[in-house]
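Written out below as structure tokens is the structure these notes cover.
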Amino acid sequence: MIAYFAGDVRRINHFLKVYGFAKAIGELEGLDEAAQRTLEIAALTHDIGIKLSEQKYHSASGEYQQLEGPAEAERLLTALSIPSEVIRRVGWLIAHHHTYADIRDADYQILVEADFLVNIHEDGLSQTSIRQIEQNLFRTQTGISFLRALYFPPQIP
């Protein structure tokens, strides 16, 4: 992915930070080895559709990322000999990582939380917006604790 986004430091930093949070949340939430591996691959590739979205639609909109990302990830992951069932799941996660209704699976929940932990800072969201995101989207105990530690640290008297 670093080679894929060569020269785009902001995007490389973004997916590496999302990967770090997803890895930590998945491990602390006790994902099994296969789910953890799939989550980590999805975290690294979740925004792979941005390049094609910008070329085709002149937009990095989440809608276009979800549309263009799965096929691009499939090409990359197939070349790396990733098993087809992992590629299918990663593609599905990429195709839904900006869709927040009806999140049921742990890998999907954790990917969304990890992406938000990074996007909140990168987008400079307000405390009110962060509280709404916490209430509406965060479900894992680890993700909630990371969110609060990052954006609502305890006040020292």
Q. Check residue 48: other-chain or 5+ apart residues with amide H under 5 Å from its amide H, H built from backbone geometry?
A. none
Q: Assign unit charges at the C-beta atoms only (+1 for Lys and Arg, -1 for Asp and Glu), then state the dipole size of region 9-151 relative to its Cα centre in Debye, rounded to the nearest 20.
A: 260 debye
**Q.** Whole-Hz ³J(HN,Hα) from phi, Karplus 6.51 cos²θ - 1.76 cosθ + 1.60, for region 18-25, glycine and proline x
**A.** 4, 4, x, 5, 4, 4, 5, 4
(Q) Using the Cα centre of the chain as origin and beta-carbon charges of +1 (Lys, Arg) and -1 (Asp, Glu), tell me which of 39, 80, 98 is placed farthest towards the positive end of the dipole. (A) 98
Q: Rounded to whole Hz and in sequence order, give me ³J(HN,Hα) for region 109-116 from the Karplus expression 6.51 cos²θ - 1.76 cosθ + 1.60, θ = phi - 60°, writing x for Gly and Pro.
A: 4, 5, 4, 4, 4, 4, 5, 5
Q: Return the Rg/Rh value of the chain, two decimal places, where both radii are evaluated on C-alpha atoms and Rh is the Kirkwood radius.
A: 0.97
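Let me spell out the model: positive unit charges on the Cβ of Lys and Arg, negative unit charges on the Cβ of Asp and Glu, origin at the Cα centre of region 70-157. What dipole size does that give, in debye rounded to 20?
Values: 7 positive and 11 negative charges, 37 e Å.
That gives a dipole near 180 debye.
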**Q.** Residue-wise HN-Hα coupling along region 80-95, computed from phi with Karplus coefficients 6.51, -1.76, 1.60 (Hz; x: Gly, Pro)
**A.** 8, 6, 6, x, 4, 5, 6, 4, 4, 5, 4, x, 5, 5, 4, 5
Q: Give the angle, between 0 and 90 degrees and rounded to the nearest 10, that separates the Cα long axis of helix 141-151 from the longest principal axis of the Cα atoms of the chain.
A: 70 degrees
Q: Quote to one decimal, in nm, the extra length available between residue 105 and residue 135 on full extension: 0.36 nm per residue of separation minus the C-alpha distance between them.
A: 9.0 nm
Q | Nearest-0.05 FRET efficiency for residue 4 and residue 128, computed from C-beta distance (R0 41 Å) | A | 0.70
Q) Helix 62-79 versus the longest principal axis of the chain: what angle, 0 to 90°, nearest 10, using Cα atoms? A) 60 degrees
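The numbers here are math on the coordinates, done by the rules we state, and not lab data. For clarity, every value in this text was computed on a predicted model and none was experimentally measured. When we count neighbours, we look across all protein chains shown, and the Cβ atoms used for this are built from the backbone with ideal geometry, even at glycine.
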